[in-house]
1. Give the aspartates and glutamates reachable from Lys349 as a straight Cα distance under 12 Å; neighbours fewer than 8 places away on the same chain don't count.
2. Could you give the length gained on full extension between Arg406 and Gln199, defined as 0.36 nm per residue of separation minus the Cα-Cα distance, in nm?
3. Using the alpha-carbon centroid of each, what span in Å lies between region 88-154 and region 248-320?
4. Collect residues whose amide H, placed 1.01 Å from N in the peptide plane, falls under 5 Å from the amide H of Arg293; neighbours closer than 5 in sequence don't count.
5. Fewest to most neighbouring Cβ within 10 Å: what's the order for Arg70, Arg116?
6. Please name which of Pro235, Trp265, Leu189 has its Cα lying farthest along the dipole of region 153-287 towards the positive end, using unit charges on Cβ (Lys, Arg +1; Asp, Glu -1) and the Cα centre as origin.
7. Compute the length gained on full extension between His374 and Ala476: take 0.36 nm times their separation in residues and subtract their Cα-Cα distance, giving the result in nm to one decimal.
8. Please give the contour-minus-distance gain from Thr317 to Gln398: 0.36 nm per residue of separation, less the Cα-Cα distance, rounded to one decimal in nm.
Amino acid sequence: MKLLSIVNNSRNVMAGLVLWLVFWLAACVPTSAPIAIEPTRLSVTAAATTTPILSPTATTPITTTALLARWNMADGRYDMRPVDATTGQDVPGYSILPLTGDNTYALQTALSADGRTLAAIESNGEICEASGGGSACRARAAGLQLVDVVAWQGVTAVLPGTGWVGPMQFNPHGSLLALAHHEGSGSQLLLFDTASGAQLGQQPIPFRPTLMAFTDDGSLVLAGAAEGELRGVTPPGPFTVLLLDGDTLAEQWRLALPDMVNGSWCTAVCDGPHEQQQTESWQPDVVAAPDGRALYIVHANEDKLTTVDLYGRTAHTIPIQPEQSWLERLLALTAETAAAKSLMSGGHKTAAVSPDGQRLYVMSNFWYVEADAHGQMVQRREAGGVQVVEVADGRLLQTKEVDADRLRLTPDGNYLLLDGWDEDKRWFEVWDANTLVMITRLEELEITAVPLLNGGYALLAGNTDGFQVHLRLMVAPYFKCAPVWTVDGPITWIAGQ
């Protein structure tokens, strides 16, 4: 039995993701009246290549400043500006930065590690392609805005063709931005100077990367797999790691991992109606070490960890398992491998690496297909919980059962953020990353880790009433909610997670 393929209406999915970003309310009770944030409508004259923006005042509270993009319904665009994340008040001395696009799709942004440079993709309509018997639609990339956050002045870079973008990544110094640009004819890696917006390089790439990262010596690494001849129908190519020179984009090293099960493809009834097709879908996750010198790949179909040493140009795979005694290790040398006899038809792994690069937090979800009492094939989901894994040897340090959809790690590595569904209610939890003990749980009140321009972050919880977004600062160590403040929605926190 194989996993039944489900028709994905990508437009509805992406619209749902945007609504999900601002869908909230419940557990926190405000301790004071809401602070209403009046919308500001400053006129901005768009330029072809340069976007002048009012310089900040010397009294800017940079330690609590975050970048917020609000959807301007009247003008059909996003208005971005710095705000004080603790109150929602606009930071004095800044005008708005308009970003063209629509709110059907999530706003694509990236922030450099030092918080001084912002990249934002301006969109114009959508671009669709055949995928898995249906279609996949994304925001059509119309331009790239590169903003000096300190000077609050930006330049517009030109993007080729009529494709879409993803992912994009700053180098460690924020002086370069690499992004993958995709069209039906293929994918290109583009490199930009962030100060001038000039394109410094362009290089065809053989796959659509799921990961892009710079190493600490300035090299650029990509990881992913080439699509099959028919996207989502025929098996994809092998999972591949590609190492490039960060200045010239010249290839330095390539490693294929043919044993890494990855991607989605049809396995039966492939010529039949879409709803009758049977598929397998496996999504391993790959994360870069904090210094960029290694990649850690958690396998989707097995409890295994592959570490790719980008400096040594080697890779090795180890099992993820509890620490064994000397007797268990001796017995394992003579044990036979048992073939799996399950109805597993797919799996999805999500991983996050600790700031010191020593531990991985891994969340698993699996899907099975089986016959019900009436002989109809039905899909069943099984949550694999959270694992804490020692990177060096694959030793399983901790496990905890949880039925969650998403796992995130705060930038300081102190807290895990999880969310999922309890029947028809969305829930969000904050866990202690060292003990896996839940600190607080909120229902229908989304928690977002918002980067601050000084390099720190703030946890904000919020909900929408359909017209405005109500946000609350969550304060450690118990993450009780501070007074509420209100802003016109929808909104997006720049580089929030």
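Read the figures in this text as sums done on the coordinates, not as results from a lab. Being a predicted model, the structure only gives us computed values, none of them experimental. Please note: Cβ atoms are built from the backbone with ideal geometry, for glycine as well, and neighbour counts cover all protein chains shown.
1. The qualifying aspartates and glutamates are Asp285, Glu302, Asp303, Asp405.
2. Extra length from Arg406 to Gln199 when fully extended: 71.0 nm.
3. About 28 Å separates the Cα centre of region 88-154 from the one of region 248-320.
4. So Arg293 has HN proximity to Asp216.
5. Arg116, Arg70
6. So the residue we want is Leu189.
7. Here the answer is 31.6 nm.
8. Going from the current span to full extension adds 27.1 nm.
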